[in-house]
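The values are calculated or read from the model by the stated rules, or taken from the named source; none is laboratory data. All values reported here derive from a predicted model rather than from experimental measurement. Cβ placement follows ideal geometry from the backbone for every residue including glycine, while neighbour counts extend to all protein chains displayed. For accessibility, only protein heavy atoms count, side chains too; no ligands or nucleic acids. Shrake-Rupley method; radii C 1.70, N 1.55, O 1.52, S 1.80 Å.
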Amino acid sequence: MVVSLLSGPMRSKIPRMSTSESSAAAERAATKDRGAWTPTSWQARPAAQQVPYEDPGALKAAVEMLGRLPPLVTSFEIEKLKQHIAEAQEGRRFVLQGGDCAESLDDCRPDPIAAKLKILLQMSMVLIHGGGRPVVRIGRFAGQYAKPRSKPLETRDGLSLPSYFGDLVNRPPFEPEARKADPTLLVEAYQKSALTLNFIRSLVDSGFADLHHPEFWDLSFMESATLSASLREDYARTVREVEQALSFMESLGERTVSKQLQRVEFFTSHEGLNLWYESAQTRQVPRREGWYDLTTHMPWIGERTRQLDGAHIEFFRGIRNPVGVKVGPTATPETVLELIGALNPDDEPGKLVIITRMGASRVRDGLPPILEAVERSGRRVLWMCDPMHGNTVSTESGRKTRDFENILAEVEGCMAVHQAVGTYFGGVHFELTGDDVTECIGGADGLTEQDLERNYATLCDPRLNYRQALEMSFRIARRMP
Ligand code: PEP
Ligand code: CO
């Protein structure tokens, strides 16, 4: 079924008690006096994961330039996404977020952008079919240029240089000049984000929506000899049903219905790691209250920068955008409640998205206490699962990879935990590309470690390729409640 009646609000199995111990941590964080917020108040706090800029004059010039340039997105779009997320929090929508681990300035080219849009659109059709709910599509694109790293320095042959922190900050070559933080990259990344977004908006506005139809999809993974007969049949049935639902909708021929199908909505997101970039485009807009970060619709805070008293929480607590926050296996229920209190003190609908990334082996034990504590507190969040970042391994030859089955296992574990606790599993977050890369192993194509050398193109973490990503959506859809 492609368009369904919306299901009612989710019913939790856990009683909500506003005065419970659980809510105390959130209340404490919400009511703590953090001082006045301004777009630059973060500068008085320690910021993790930064490469210092050596030339303050050049940094100031870049930030002022960004401050003068037009915004990349508008407050209207941001409010619309927030409304969608509020509905997702009530179980009435599902969110698909995906794209590169790190965008590259050199890859601001039409083909990879169109391919990314295409895979996200196609996955969303499969997920709409699986869950019977509208899917909100959020790209990791048009600004996903800053990367946190596990080590601040990289050492080769006795020489230590700052690690590569993404094209927004410095450049990949292992050379002293390339690894310096370069403020002109802030402006170049803004420009490339604008070019990317311009192309995305044009594609979305012109016949791109035809890609709804499975006859435009590359379904060759369904022919793979490694696929079991039951999965093959399952996939084929899904394709048939999506086709039938689309033909049915189109045969109705009503203008509103076909218009709805033609209009595909995409939103943008990136990790809000570089606060010079984010704050330079943070503004007040006419006839609305508060401040909007106009670099993207939904920035997120990474696992490594969510320190409660750090610069990132300080900055993101003050903006009107919906905000994501990554939560990994070391997070306690108390930490998560404090994050909720700090980032969404007024419990505003559609504001906060918690993206859990526990790892397949830890999700079934690590996630329940967190969900239970938040549920007991009665605080509103959208729960999403990032099954990529807790499942990265290194091969003997030093390549980072992820196994399709582990990625799927984390999503399935997450779904099972949400079902047991009675919370709504509201979305998935993938690192993926629409291209034919060989970075993750597994899937019906049966990619192995030996295949990784063939086309290992990522600047940072391994991504699902087109066929793996599409197959992943089929596998998730068959389990969606
Ligand atoms: C990422 O999303 O690319 C990332 C670095 O994730 P995390 O903060 O969850 O490690
Ligand atoms: Co990544």
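Here are a few things to note about the model shown:
- Close amide H pairs (under 5 Å, H built 1.01 Å from N) link A102 with L459, C460, D461, residues at least 5 positions away or on another chain.
- For a modelled paramagnetic label at A24, 7 Å from Cα along Cα-to-Cβ, the residues of the stretch 340-377 in reach, with backbone nitrogen under 16 Å, are 373-374, 376-377.
- Checked against a 31 Å cut-off, the cross-linked pairs K60/K192; K147/K351; K80/K118; K116/K326; K32/K116 give Cα-Cα distances beyond that limit for K32/K116.
- Here the accessible area is traced with a 1.4 Å probe on the protein chains. For the chain, carbon and sulfur cover 51 percent of it.
- When cysteine pairs in the chain are screened for C-beta atoms closer than 4.7 angstrom, the residues that find no partner are C108, C440.
- Computed extension length for R109-R149: 11.8 nm, one decimal, from 0.36 nm per residue of separation with the Cα-Cα distance subtracted.
- Distance from the stretch 52-116 to the stretch 402-481 (C-alpha centre basis), Å: 23 Å
- The stretch 306-360: radius of gyration over Cα atoms, expressed as a fraction of 2.2 N^0.38 Å: 1.09
- For the pair S230 and W37, the difference between a 0.36 nm per residue extended length and the Cα-Cα distance amounts to 63.9 nm.
- Calculated FRET value between D218 and E449, using beta carbons and R₀ = 35 Å, to 0.05: 0.90
- The alpha carbons of the stretch 207-251 occupy a box of 35, 19, 8 Å along the principal axes, longest dimension given first.
- Once both labels are positioned 7 Å from their Cα atoms along Cα-to-Cβ, the gap between E348 and V285 label points is 1.3 nm.
- Summed over the residues of the stretch 19-477 and divided among them, the accessible surface reaches 39 Å² per residue at a probe radius of 1.4 Å.
- Each residue of the stretch 103-119 was assigned a 3J(HN,Hα) from its phi angle through the Karplus curve 6.51 cos²θ - 1.76 cosθ + 1.60 (θ = phi - 60°); the sequence is 6, 10, 4, 6, 8, 7, 10, x, 5, x, 5, 5, 5, 5, 5, 5, 5 Hz, with glycine and proline shown as x.
- Along the stretch 45-60 the Karplus relation, 6.51 cos²θ - 1.76 cosθ + 1.60 evaluated at θ = phi - 60°, assigns HN-Hα couplings of 10, x, 10, 6, 6, 10, 9, x, 7, 7, 10, x, x, 5, 5, 4 Hz to successive residues, with x for each Gly and Pro.
- Gain on full extension, evaluated as 0.36 nm per residue between E175 and L252 minus their Cα-Cα distance, stands at 21.6 nm.
- Sequence-distant aspartates and glutamates (8 or more away, or on other chains) whose Cα lies within less than 18 Å of K82: E90, E265, E271, E289, D293, D346, D347, E348
- The stretch 19-477: Cα Rg divided by the 2.2 N^0.38 Å rule of thumb: 0.95
- In the stretch 343-421, the GluC sites (Glu not before Pro) that fall in loop regions by DSSP, at most 10 other Cβ within 10 Å: E396
- Förster-model FRET efficiency, 45 Å R0, R478 and L195, C-beta, rounded to 0.05: 0.75
- Base-10 log of normalised Debye intensity for the stretch 60-111 (one unit scatterer per alpha-carbon) at q = 0.18, 0.23, 0.29 Å⁻¹: -0.94, -0.98, -1.02
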